[in-house]
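A.B. asks: Dumping the structure here so I can ask a few things about it.
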Amino acid sequence: MNKNDLFTEKNYRILQLADEITHAINEWKTKLNKIYTMSSGTLVNSEYGLVTESTYNETLVSINENIASIINTINSFETFLWDRKEIKQFNINNTLQNIVSSYTSIYKKYNISIETDYFTTIYIFGYENELSKIFLYILTSLINILKNKAESKFILINTQTNKNKTIITFKSTNVTVDEIPLDISLHISKKIIEEYYKGEIKIVNKKFKFKEKSVYGIEVCIHLSSIE
């Protein structure tokens with residue numbers, strides 16, 4: 001890569017960053033206003049003895065969820081701005097399994113069942129840390145929805161290949177597209193997959209087979225190619 005190519009790439013990334021900052025500011029303002037409204041309302045009501053323990057706990061849970069969402073956005077910016085190391089070949093099945101294994105205690109806490117169906121071996125050239133963060137974001141988004149459900153809490157992870165494309169799918173029962181947060185993290189993940197891996201992310205409501213039964217839920221499907 002010559003200096004002109006590098007200059008062009010850096011300017012393009014700056015323009016991308018400006019776009020992402022605009023989205024992030026709007027998202028953060030909304031969430032921070034919500035946090036302020038909830039916390040100030042609780043403080044005022046507590047002065048008049050109108051806050052029950054249940055209401056207090058619900059407020060804390062909601063505040064924590066909004067703070068966690070803001071932290072996820074910050075992590076997404078780290079992925080977007082990450083000073084990439086050299087492209088390397090890695091086994092995408094191992095990358096996914098490392099994420100699944102690392103969060104076993106969380107699945108068990110909320111009685112969520114995780115099942116995997118990996119194609120024998122899939123190697124891809126790219127930035128493993130970058131894709132790991134995208135996979136983790138999708139998985140935690142599904143978990144955050146499922147943990148509040150009473151039943152049918154399953155996540156299915158599948159990998160396969162089709163010609164030169166690697167396909168990763170996350171399926172979950174008892175979740176719909178309307179419940180997926182359309183936040184900046186999803187926006188950045190989509191941009192990375194499309195621009196660097198020449199792929200796409202599709203999120204649809206779908207019927208699929210689970211344990212020989214036809215069930216209805218959500219499918220998050222990622223198509224990507226190796227970075228050349």
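A short reminder: the numbers here are calculations on the coordinates, not readings from a lab. Just so you know, these numbers come straight off a predicted model, no measurement behind them. When we count neighbours, we look across all protein chains shown, and the Cβ atoms used for this are built from the backbone with ideal geometry, even at glycine.
A.B. asks: From a point 7 Å beyond the Cα of residue 88 in the direction of its Cβ, which residues of the range 121-153 have a backbone N at a distance under 20 Å?
C.D. replies: Taking a point 7 Å out along Cα→Cβ of residue 88, the residues of the range 121-153 whose backbone N falls under 20 Å are 121-136.
A.B. asks: Taking H as built 1.01 Å from N, whose amide H comes closer than 5 Å to the amide H of residue 210, not counting residues under 5 places away?
C.D. replies: Placed amide hydrogens put 215 under 5 Å from residue 210.
A.B. asks: For the chain, what Kirkwood radius comes out of the mean inverse Cα-Cα distance, in Å?
C.D. replies: The answer is 19.6 Å.
A.B. asks: Related question: Looking at the chain, do any whole DSSP H helices span at least 18 angstrom along their long axis by alpha carbon and average -0.5 or above on Kyte-Doolittle, and which?
C.D. replies: Working: long enough: 3-47 (63 Å, -0.66); 53-81 (42 Å, 0.10); 128-146 (27 Å, 0.96).
For the chain, where a helix must reach 18 Å along its axis and average at least -0.5, the hits are 53-81, 128-146.
A.B. asks: Pop the C-beta distance of residue 103 and residue 44 into the FRET formula with R0 = 30 Å and round what comes out to the nearest 0.05.
C.D. replies: Calculated value: 0.20.
A.B. asks: Could the peptides 147-158, 180-191 be put in order, highest first, of the mean number of other beta-carbon atoms found within 10 Å of their residues?
C.D. replies: Ranking the peptides 147-158, 180-191 by packing returns 180-191, 147-158.
A.B. asks: Just subtract the alpha-carbon distance of residue 195 and residue 62 from 0.36 nm times their residue separation and send over the number in nm, one decimal.
C.D. replies: Here the answer is 44.4 nm.
A.B. asks: Please give the calculated 222 nm ellipticity per residue for the chain, where each DSSP H segment of at least 4 residues contributes -39500 (n - 2.57) and the sum is spread over every residue; nearest 500 deg cm²/dmol? List each step's numbers first, then the result.
C.D. replies: Working: 6 runs with 123 residues, N = 228.
For the chain, the value works out to -18500 deg cm²/dmol.
A.B. asks: Restricting things to alpha carbons, tell me how big the range 45-165 is in terms of Rg and Dmax, in Å.
C.D. replies: According to the Cα coordinates of the range 45-165, Rg and Dmax are 18.8, 66 Å.
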